[in-house]
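For reference, the structure discussed in these notes is given below.
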């Protein structure tokens, strides 16, 4: 199939795909915020926050290497449908348990773990399927636009979830997730047309473990991927406090009002909307590593400020600044992998990226979560912010990454 034919209706296909993902994300976000706030307000415990993070991320870590292989061996659209189905079924079971009066914290944690399995299956498939739909020159713009769309959902869903949390039963919130998952699946199955990629359409001559080993070997033989994942690991580890302890910090230091918890989510989301539109229109620095390092540095400076400035409104501004620079980190890094990695290995590379994303924050919470019950969270914010700036300093000076981050035109001229 020629590239012209492959991308002939790419705008329509992209709109359908992003639309299905947006609908699914909206329902999942309502449930995510409801569960997280329930645990925060009912326990106010750093240990419970740590357990919530572990149950919500570690299953993704364990399933990701297998999911990466599946994303290269099988139809990626079907894998995304499967993951949405797993999420919907787990939520339905949760509704039935709540209706039966079973409201144990451990049930919520177990549900988070099952949903994390679904996310682990979906993440490599989503990262790998976009280049099948979107022309290479449009990837940064679409990745940035996708970030803005997700941010709009993150802006709307905490407000709706906050209102529902106060005036509706939890099972009512859960039911919305089931409906949105069904709609997303219907769009993928009946409207989105994505041809099966080449490797999946061929007879598989190697088994799962061989494919997995080949994926790890591919990463081992490409130094820029190893370096990128190393800096991401460090950044994710140090981002644990700002990502998961900020609601607890707000509840302890500024008040337990639900509107305050909602406000920090809204500030973050407004920042991400602006950041996504910014990167979609601008495209980032010519060298993608400059964008990534700048994002980590500003996130570190903002996190440090959230630990030392006692004013809630300035705290909200800094949370918004973190959100503003998230797309400047995510879009260039995803595009870099989509451009540089061979199509047959995209699923496995994104599978390892999912392992990094799903393991380092829980590991960070294993350290920072218990410490949050022994010292002020402000100290943890300040310390992690400094270390994020250190990570950015070394990333911007890494020659291997800087060489990989050069634009394609520069590579051809060189």
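Read-outs: derived from the displayed coordinates by stated rules, not from any lab. None of the values given here were measured: they were computed from a predicted structure. Reconstructed Cβ throughout: ideal geometry from the backbone, glycine too, with neighbour counts over all protein chains shown.
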Residue 271 in contact with a helix residue (DSSP H, G or I) (Cβ under 7 Å, 6 or more places away or on another chain) and in a helix (DSSP H, G or I): yes
Some residue of the range 99-114 being in contact (Cβ under 8 Å) with a residue 40 or more places away in the chain, more than 21 Å from the chain's Cα centre (by Cα), over 22 Å from residue 354 (Cα atoms) and assigned to a helix (DSSP H, G or I): yes
Helices (runs of 4 or more DSSP H) fully within the range 341-414 counting 2 or more residues that are more than 22 Å from residue 252 (Cα to Cα) and in contact with a helix residue (DSSP H, G or I) (Cβ under 8 Å, 6 or more places away or on another chain): 346-372, 377-396, 399-404
Residues satisfying the stated conditions in the range 276-301, i.e. over 17 Å from residue 405 (Cα atoms) and buried (at least 24 other Cβ atoms within 10 Å of the Cβ): 276, 299, 300
Listing of helices (runs of 4 or more DSSP H) fully contained in the range 204-255 that carry 2 or more residues being closer than 22 Å to residue 299 by Cβ and in contact (Cβ under 8 Å) with a residue 24 or more places away in the chain: 223-238, 246-253
Residue that is surrounded by the fewest Cβ atoms within 10 Å (Cβ to Cβ), among those in the range 302-328 that are without any contact (Cβ under 8 Å) to a residue 40 or more places away in the chain and assigned to a helix (DSSP H, G or I): 313
Residue 8, sole failed condition from (1) part of a helix (DSSP H, G or I); (2) over 30 Å from residue 257 (Cα atoms): (1)
